[in-house]
Every structure is written in structure tokens, then in C-alpha cells.
Amino acid sequence: MALYLKAAEILEKAEQKKGAVKTLVYESKFQNIKQLFALVCETQKYSSVLQEIINSTKLLKETKLRIHLAKVLVYDLLIGHGVKCGGAWKTMMLKHRSRLNAALARIKIKRKVSRNQDLLPASFQQTQDDVIPRYVRVNTLKTTLEDVIDYLKREGFSYQGTASGLEDLDRLSGKTFLCDLHLQDLLVFSAKTVFHDHFLYKAGHIILQDKASCLPAFLLNPQVGSHVIDACAAPGNKTSHLAAIMKNKGKLFAFDLDAKRLSTMSTLLLRAGVTCHQLANQDFLKVDPQSSEYKEVKYILLDPSCSGSGMVCLRDEVSEPQDEGRLQALATFQQRCLNHALQFPQVQRVVYSTCSIHSQENEEVVSACLQQNPAFRLVYLLPNWLERGHEPFTECLRASTAKTRTHGFFVAMLERRPPQTDKENLVITTLASGGEEKQDTHQSGPSDEEQENMETENEQPTNPESKKKRRRNRKKHKQQES
């Protein structure tokens, strides 16, 4: 019974973006970690099929089970190795087994397949051979890259230098590891490498974080001692990354609406040695940009709630056509958050990121905000990055298992345009109104120095006395005009 309760809890947290499945499983302290991890992962793989079975049999109405608990129980009953608990749950599931089996059989007939694995969504089947390596970010608040590499080498790991391309990542096996091509404090190991019980992880010297998730803080790159906002901060890996870049100096305001997530985040930041942060259980949309508390904020990282469609472990959830209403609601919320971030009077850079593959949550949100905030523009990120934003937003980055060996991700950076001169403002106003660029009639004539340069360019060189005489004549002429 404990196995199913814990699996249902982790399944729900993972779908709510409260952490990676493997991290949630290991932090659960469950007695049989491997059994729990396998059950959660397999239930996720078949999630859409299980949902269809549960809906068609009206299982929730008849059993009063919650959806995530029902999924893990139905998975083990129909696809796994049978319900392992005893008592009322097993009796209840056995009572409905014939109807559930019939529903599974109907789905197979409808899809013209004979094996359970053939029910997996096509997108999952196409990418199941694409393995994401294990990424480990060195926490420079507590240690150095060199010390971590030396420690691991003493444990029998083999350091292979810095990666030069994806093929180097694909060749990783056993205890070999590399430095990442783009992020110098990121180490890359084979996918099966486990660090959840390792001393370096428990001591906060390393952070288990996917490469794509490291990009937002890396690209924002706030100056040491600056004031920064992490708008939707939990579970906290990006916050600790920002603090490391800031060298724990300055102020790091971190907001999240979920009190439980914020509590977990506080523990994570304590373990990581973060001291420059100020946590607030608050809705970022209700934070006043004009407050004197945030008058020096120049950098904002915004990673709002999204569909999670880029997460590999949830890929079966998003392979089917998405609920357009839900996507639109998310995009509206994301657009409100990004617009709000751009209202802080001194902000210079805002990084917007999601773990979504949908344009509605990515390029379309950025496009709408740029139209409403002409004082900002996109920054072209990492020119040598393989996967770009959809046209015409190629300044942005996308990430995927196939092209970057990461989870699916999107990153854009908006920066405030430099102040414009009066002439530039005139040109922009004229062009915006459909006219041609014209000389500003209110603009004063060239200065004495500019006039002299113009004359010098058009005349033969003269002696210094002639130049002085011309200056005196111009000065006298201006005095007469006034």
C-alpha cells in the first residue's frame, strides 16, 4: 500500500513540475528505491492509455480513488506484475479487473495492435533510443570544478576533457565523464550514473540539473553584487545557479506562490550555501515594480508554469493533441508574467524560459510581449547552438533530446534598448507614420568645429592664421544675428 501511495504522490509532483522524477524518488527515502522508480516511470509511459481505460470504465466514480493513485494501481494490475498490496485495495482492483481488461482489449483492437508496448505514443517510440546524459552542475559557492574533478578521479572516474560535440556525449559509458561544451561548470556522465547517495550531492557541492535547465541563469549572467529577481523560483536549482554566478553578493529576490514548494526550496538553498536570497511566498504578478525595494533590480529570470511538454519522462502525456483551451490559458498567464517583468523601471535583461515544445507558450508569448513593449528587443543567444527558435525568432534557443541531448526547452532573452537620440526618435516617429525620413527642422546648424571640418575637407590646406581669421568672422556673424 505504501508503494502505491508514494508512487501516486511522486507522479503528481512530477506533473506539477515540482522536481525531476529521479530526484523526487530518491528524496522520498522509500525503502525500495528501484521498485518505486520503475513503477513511476512505467506508469508515466502508459499514462494516456491508463487515462483512457479509467475514463471508459468510470473507475474514479465507482472507487472514489484519486487519478494518480488509480493510474499506478491500474498499471500494475493490467500491464505490470500484478497488484502487490493486500487488503481492501487489492480486493477492489480484482473486483474491477474484468472490466478494466476489456477496456484495454478494446483499445488494442481500435488501434490494431496486439502488444501493450505498441500502445505507447509514436513520439515516445521514436525517441526511446535517444538517451539524455546525466548532467551535474558544480556548485561554485562551495567548491571548484578542479576539486570536484580530482575527487571523482580518486573514486575511479575517468575524466575525458571538454566535449567537442554530441558524439562525445553518446560515447560516454561506465565511469567516464566530460566537461560540457557550453557551460564550463557543468559535467556530463553516462545516463545510468547515479549521484543521489553521493557525498558531493548530499553536501551541496554538486547539483543534479539538466543542461537545458542551466541555460536561463547562465545566459542572464547577472553581475556580481547586482539585484536580481527569480520570478517563479521553486524548486530552486535556477536560484542557486544565479547565486553562484553572483558569488553570493547583491540581492536575489525569489518568489513562488506554493508554500510547500518554497519550504522545500529553502532546504535546497541552505544545502547549496546560498545566503544572498530573500524568499517570498507571493504571486509575482502582485509584486509592485514601482516599490523602492526593487528600484535596483536589473535582471529578472522568468520560468513560469507551463505544459511541461518538453520533459522526456512526460512525453507520453503530450504526444496526443493538446487541449487548446489549456494551452491558451497557460500562454495568457505566461504573457502576463513576461509583461509584468518588463515593467520594472531599471530592469535591463529578462530571460524567459519554459520546458515546453509548443509555440503558443514560447515564440508567440515573446512576440506579443515585444509588440506591447517596444523599449525591449531580443538578444541573439549562443550563435553556435544547434537548435534555434522558430522563424522569425531565431535569436531564441530551443533544446531537444535529438539535437541537444537535453529535455525539451525554450529560452529567450529580452534586453532594454539603449536610449535613443532626438534624431533617432524623429526617424522612428516619421517611419511609423508612413512618411519618409526628413531632416529635423528644429535642429541647430553644425557647430564651429563641424563647420571647420567640412570646409577643410572641401578646400586646400591653409595656414593656421587663415583658420583663426575664419573662426573670428563666424563668431562675429553669429553675434550680429542674435
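Considering the conditions (1) open to solvent by less than 10 Å² (accessible area, probe 1.4 Å); (2) closer than 28 Å to Ser292 by Cβ; (3) polar (S, T, N, Q), Ser353 is excluded by exactly one of them, (2). For the subset of the range 279-305 comprising residues that are under 20 Å from the mean Cα position of the chain (by Cα) and closer than 30 Å to Lys202 by Cβ, which member is least open to solvent (accessible area, probe 1.4 Å)? If we take residues in the range 279-305 being under 20 Å from the mean Cα position of the chain (by Cα) and closer than 30 Å to Lys202 by Cβ, then Leu301 is least open to solvent (accessible area, probe 1.4 Å).
Residues being assigned to a loop (DSSP other than H, G, I, E, B), without any contact (Cβ under 8 Å) to a residue 12 or more places away in the chain, open to solvent by 40 Å² or more (accessible area, probe 1.4 Å) and over 30 Å from Arg134 (Cα atoms) are entirely absent from the range 399-417.
When the residues of the range 247-278 are narrowed to those that are of a type in the set (Val, Ile, Thr) and in a loop (DSSP other than H, G, I, E, B), which ends up most open to solvent (accessible area, probe 1.4 Å)?
Of the residues in the range 247-278, the ones of a type in the set (Val, Ile, Thr) are 264, 267, 274-275.
Filter again for in a loop (DSSP other than H, G, I, E, B), leaving 274-275.
Details: Val274: 10, Thr275: 103 Å².
Only one residue fits best here, namely Thr275.
Does the range 240-256 contain any residue that is without any contact (Cβ under 8 Å) to a residue 60 or more places away in the chain, of a type in the set (S, T, N, Q) and at negative phi? Within the range 240-256, not a single residue is without any contact (Cβ under 8 Å) to a residue 60 or more places away in the chain, of a type in the set (S, T, N, Q) and at negative phi. When the range 199-208 is filtered for residues that are free of Cβ contacts under 8 Å to residues at least 12 places away in the same chain, surrounded by 13 or more Cβ atoms within 10 Å (Cβ to Cβ) and either closer than 16 Å to Phe177 by Cα or hydrophobic (A, V, I, L, M, F, W, C) (or both), nothing remains.
Out of the residues in the range 131-167 that are part of a helix (DSSP H, G or I) and at pLDDT below 95, which is nearest to Ala244 (Cα to Cα)?
Of all residues in the range 131-167, those part of a helix (DSSP H, G or I) come to 145-154, 166-167.
Filter again for at pLDDT below 95, leaving 166-167.
Details: Leu166: 27, Glu167: 30 Å.
Looking at residues that are part of a helix (DSSP H, G or I) and at pLDDT below 95, I get Leu166.
Residue check: Leu169 meets all listed conditions (1) over 27 Å from the mean Cα position of the chain (by Cα); (2) under 28 Å from Thr239 (Cα atoms); (3) of a type in the set (A, V, I, L, M, F, W, C) but one, namely (1). Looking across the range 175-187 at every residue that is open to solvent by 40 Å² or more (accessible area, probe 1.4 Å) and touching a strand residue (DSSP E or B) at 6+ places or on another chain (Cβ under 8 Å), the one that is nearest to His241 (Cα to Cα) is identified as Asp185. If only residues of the range 148-174 that are in contact with a helix residue (DSSP H, G or I) (Cβ under 9 Å, 6 or more places away or on another chain) and closer than 13 Å to Pro133 by Cα are counted, the one that is most open to solvent (accessible area, probe 1.4 Å) is Leu166.
Going by what's in this entry, would Lys6 be described as charged (D, E, K, R) and free of Cβ contacts under 8 Å to residues at least 24 places away in the same chain?
Values: charged (D, E, K, R): yes; free of Cβ contacts under 8 Å to residues at least 24 places away in the same chain: no.
So Lys6 fails the test.
Within the range 66-99, the set of residues being modelled with pLDDT of 85 or more, part of a helix (DSSP H, G or I) and more than 19 Å from Gln44 (Cβ to Cβ) comprises Thr91, Met92, Met93, Leu94, Lys95, Arg97, Ser98, Arg99.
Only one residue in Ala329, Ala341, Ala368 is touching a residue at least 40 places away in the same chain (Cβ under 8 Å) and of a type in the set (Gly, Ala, Ser). Which one? Talk me through it step by step, then tell me what you get.
On the way: Ala329 fails: touching a residue at least 40 places away in the same chain (Cβ under 8 Å); Ala368 fails: touching a residue at least 40 places away in the same chain (Cβ under 8 Å).
So the residue among Ala329, Ala341, Ala368 that is touching a residue at least 40 places away in the same chain (Cβ under 8 Å) and of a type in the set (Gly, Ala, Ser) is Ala341.
Can you confirm whether the range 212-219 contains a residue that is part of a strand (DSSP E or B) and farther than 24 Å from Ala14 by Cα? Before you say what the answer is, go through the steps one by one.
In the first step, residues of the range 212-219 are kept if they are part of a strand (DSSP E or B); the result is none.
Within the range 212-219, not a single residue is part of a strand (DSSP E or B) and farther than 24 Å from Ala14 by Cα.
Taking the range 1-65 as the region of interest, the helices (runs of 4 or more DSSP H) fully inside it that hold 2 or more residues being open to solvent by 60 Å² or more (accessible area, probe 1.4 Å) and not hydrophobic (A, V, I, L, M, F, W, C) are 2-15, 33-45, 47-57, 59-63.
The values are calculated or read from the model by the stated rules, or taken from the named source; none is laboratory data. All of these numbers come straight from a predicted model, not from anything done at the bench. Note that each Cβ is placed from the backbone with ideal geometry, even for glycine, and that neighbours are counted across all protein chains shown. Please note that ligands, DNA and RNA were not included when accessible areas were found on the heavy atoms of the full protein model with its side chains. Shrake-Rupley method; radii C 1.70, N 1.55, O 1.52, S 1.80 Å.
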